[in-house]
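A short write-up of the structure that comes next.
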Amino acid sequence: MNLADENATLALAQRLAARLKPGMVIYLHGDLGAGKTTLVRGMLNALGYAGRVKSPTYTLVEPYQAAGLDLRHFDLYRLHNEEEWEAAGFRDEFDGRNVFFIEWPKKAHGLIPQADIEIAFEILEQGRNAEIHANTQTGKQCLEQL
Ligand SMILES: Nc1ncnc2c1ncn2[C@@H]1O[C@H](COP(=O)(O)OP(=O)(O)OP(=O)(O)O)[C@@H](O)[C@H]1O
Ligand SMILES: [Mg+2]
């Protein structure tokens, strides 16, 4: 899918936000500055979250509540090892109820549940390309008529 500018990314976010279900796990792939956090910000704002959505670069995770959902935004770029993951208690976050947006999921390979949906952003000369993929039945239902 071609996303010509930031507004196109936010429009995709708005459509996705309307289809999120508790427990859903979404992996966000793509280089630095590809638009992963932009998409998360768009989804949270679409759900009615009015505060600032900042990149959880150093905290690794930022929790949100919106539209009756508990959401967790992870950025695992700076996750160093499994010990750090366990020490932070992140394992307990995956209770099947929270919605997860996970940037740099490969950094926690084997520690996080499989994704219902994976979105891979590619930086183009102008705008972005986004490849969206469902791995589970839940994910497929979410993407139907997106
Ligand atoms: N479709 C688009 N076309 C052009 N620019 C875009 C598009 N979507 C987002 N952007 C811009 O690209 C930048 C993306 O930054 P963002 O923080 O979302 O990247 P990120 O993938 O989360 O990076 P990081 O891995 O460093 O967290 C922002 O400046 C945003 O305005
Ligand atoms: Mg980011």
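Each reported figure results from applying straightforward, stated rules to the coordinates on display, with no laboratory input. Quick caveat, the model's predicted, so the values are computed rather than measured. A quick note on method: Cβ atoms are made from the backbone with ideal geometry, for glycine too, and the neighbour counts reach across all protein chains shown.
Quick look at the numbers
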item	result
Sorted peptide list for 111-118, 138-145, criterion being average Cβ within 10 angstrom, highest first	111-118, 138-145
Highest-first arrangement of 3-12, 51-60, where packing means the average Cβ count within 10 Å	3-12, 51-60
Additional length obtainable on full extension of the chain from ASN2 to THR57, 0.36 nm per residue less Cα span	17.1 nm
For region 1-105: rounded, prolate or oblate by the Cα gyration tensor [a/c cutoff 1.5]	oblate
The chain, helix-only ellipticity at 222 nm - DSSP H runs n ≥ 4, -39,500 (n - 2.57), divided by all residues, nearest 500	-7000 deg cm²/dmol
Estimated inter-spin distance, ARG91 and ALA50, nm [label 7 Å along Cα→Cβ]	4.0
Between region 1-55 and region 128-143, the alpha-carbon center distance in angstrom	13
